[in-house]
Amino acid sequence: VDKDGQTIDFLFTKHRDTKAAKRFFKKAIRANGVPEKITIDGSAANNAAIETINKEMKTPIIIRQVKYLNNIVEQDHRFIKRITRLMLGFKSFNSARSTLIGIELVHMLRKGQSANPMAKHKAMFEQFCALVG
């Protein structure tokens with residue numbers, strides 16, 4: 001999530017390790033460009049992944065681990081946690097991944113994020129149908 005609350009990217013993996021964090025950051029950088037600063041939680045995996053990426057790049061990314069700055073991300077996750085809590089868990093990783101991708105997609109449409117600039121004038125259902133069709 002960027003400083004304006006817009007979703008940059010998301011990745012759902014079985015493990016929250018350095019390999020997964022590095023894959024996520026590379027995916028997000030490929031899609032959105034190199035950021036100047038990244039605010040992360042206290043996860044050692046995230047820190048190690050960004051430091052590895054910094055070694056590969058010419059201009060390093062500044063890492064910030066400030067608790068109150070991470071609240072934007074946590075508040076964005078609250079929406080997904082509220083929905084998934086009612087489901088009482090998932091039976092398999094694949095069903096969890098498919099469901100969470102759909103929930104995140106609808107959440108992004110609700111926030112007004114769409115790849116098509118003309119879609120902002122359409123209803124959310126019409127935007128969703130346009131993605132499927």
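The values are calculated or read from the model by the stated rules, or taken from the named source; none is laboratory data. No experiment lies behind these values; they were computed from the predicted model shown. Counting neighbours? That spans all protein chains shown, and the Cβs are built from the backbone with ideal geometry, glycine included. Heads up: the accessible areas ignore ligands, DNA and RNA and are worked out on the full protein's heavy atoms, side chains in. Shrake-Rupley method; radii C 1.70, N 1.55, O 1.52, S 1.80 Å.
Here is a check on your reading of the model: is Ser92 modelled with pLDDT of 80 or more and farther than 22 Å from Phe25 by Cα? In short, yes. Go through the residues of the stretch 88-108 one by one and say whether even a single one is in contact (Cβ under 8 Å) with a residue 60 or more places away in the chain and touching a Leu at 6+ places or on another chain (Cβ under 8 Å). No, that holds for no residue. A search for C-beta distances below 7 Å between a residue of the stretch 36-58 that is over 16 Å from Val1 (Cβ atoms) and any residue that is open to solvent by 30 Å² or more (accessible area, probe 1.4 Å) and polar (S, T, N, Q), counting only pairs 6+ apart in sequence or on different chains, returns Gly42/Gln65; Ala45/Thr18; Ala48/Thr18; Ala49/Thr18.
In the condition set (1) at pLDDT 75 or above; (2) among the charged types (D, E, K, R); (3) open to solvent by 40 Å² or more (accessible area, probe 1.4 Å), Lys120 is compliant with all but (1).
Residue by residue, here is whether (1) surrounded by 10 or more Cβ atoms within 10 Å (Cβ to Cβ); (2) modelled with pLDDT under 80 holds:
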| site | (1), (2) |
| --- | --- |
| Ala49 | yes, no |
| Tyr68 | no, yes |
| Ile72 | yes, yes |
| Arg110 | yes, yes |
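Within the stretch 26-35, the presence of a residue that is modelled with pLDDT of 85 or more, in contact with a Lys or Arg (Cβ under 7 Å, 6 or more places away or on another chain) and surrounded by 15 or more Cβ atoms within 10 Å (Cβ to Cβ) is excluded. The residues of the stretch 41-58 that are under 14 Å from Ile29 (Cβ atoms) and outside any helix (DSSP H, G or I), listed by number, are Met57, Lys58.
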